[in-house]
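Beneath this line is the structure, given in C-alpha cells, with notes to follow.
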Amino acid sequence: MDERLRRVNLRSMPLIPPGIRFLLIANAALFLLTLAAKALLDFQLIAYLGLYHPTSEKFGYHQFISHLFMHGSGLHIFMNMFILWMFGGILEHVWGLRKFMLFFVLTGLGAALIHNGVRTIQINQLETATQAYLQDPSLERFKQYQSAEIGAVPRSFQKRLDELTEEWKAKPESQQLRERSKMLVKDYKYRRD
C-alpha cells in the first residue's frame with residue numbers, strides 16, 4: 001500500500017478541499033447559466049459547450065474540456081457532484097491539488113475520446129445500414145436499418161421508426177409507406193450529429 005495512503009488522516013481532511021470547491025462552483029455556475037440562457041434567451045449553451053462528434057457541424061475542439069462542466073438535468077449534476085465530493089476529496093487530499101486536477105482533466109479527456117470512438121462505430125454502422133436500405137428499400141431492410149439505429153438516434157426518431165415499421169407491417173405492399181421510409185432515412189442521414 002502507498003505510504004501516503006497509510007498516513008492519511010481523514011479527520012484532518014477539510015470537508016470540501018479547494019480543488020473540489022472550485023469544481024463544484026464551476027459546475028453549478030455553468031449549470032445555472034445553461035438554464036438561464038435557455039429560459040431567458042432561448043439559447044442552448046449545451047449545444048456549444050457539450051461534446052459533439054468531430055464530424056458534426058456543432059463540433060469544436062474546446063468541447064473536449066468544456067463538456068466536463070455540462071450536465072443535462074438536475075439529477076445528472078447532483079449525482080456527478082455528489083460523487084466528485086465523495087471520492088474526489090480523498091484523492092485531492094492524498095495526491096494534492098495539482099495531481100488531482102490533472103487526473104480530473106485527463107479522465108475527462110479519456111472519457112471524451114472513448115465516447116467519440118464508440119460514436120464513430122455507431123455512425124459507421126448507421127451509414128452501412130442507411131446505404132443498404134436505400135439500395136433495397138424493403139420492409140426487411142428497414143427493420144435492419146432500425147436495429148442499427150438503436151443507441152445511435154434520439155428517442156423521438158426511434159419512435160417514428162417504430163411507428164412506421166408497425167404501419168408497414170400491416171400494409172407490406174404499400175408504395176406510399178416505402179417512399180415515406182426512404183424520405184425518413186434520407187432526412188435523418190443529413191441532420192444527425
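Odds and ends about this structure:
- The sole residue among 53, 62 that is of a type outside the set (A, V, I, L, M) and surrounded by 13 or more Cβ atoms within 10 Å (Cβ to Cβ) is 53.
- In the set (1) modelled with pLDDT of 95 or more; (2) open to solvent by less than 80 Å² (accessible area, probe 1.4 Å), residue 114 fails one condition alone, (2).
- Index of the failed condition, residue 175 passing every other in (1) modelled with pLDDT of 85 or more; (2) touching a helix residue (DSSP H, G or I) at 6+ places or on another chain (Cβ under 6 Å); (3) of a type in the set (S, T, N, Q); (4) open to solvent by 80 Å² or more (accessible area, probe 1.4 Å): (2)
- In region 149-168, the qualifying residues are those that are closer than 25 Å to residue 54 by Cβ, touching a Phe, Trp or Tyr at 6+ places or on another chain (Cβ under 9 Å) and part of a helix (DSSP H, G or I), and the one that is modelled with the lowest pLDDT is 149.
- Just one of the listed residues (105, 94) is open to solvent by less than 30 Å² (accessible area, probe 1.4 Å), closer than 19 Å to residue 22 by Cβ and not polar (S, T, N, Q), namely 94.
The values are calculated or read from the model by the stated rules, or taken from the named source; none is laboratory data. What you see is a predicted model; the values in this text were computed from it and never measured. Positions of Cβ are generated from backbone atoms using ideal geometry, with glycine treated the same way; all protein chains shown enter the neighbour counts. Just so you know, the surface numbers come from the protein's heavy atoms only, side chains and all, with ligands and any DNA or RNA stripped out. Shrake-Rupley method; radii C 1.70, N 1.55, O 1.52, S 1.80 Å.
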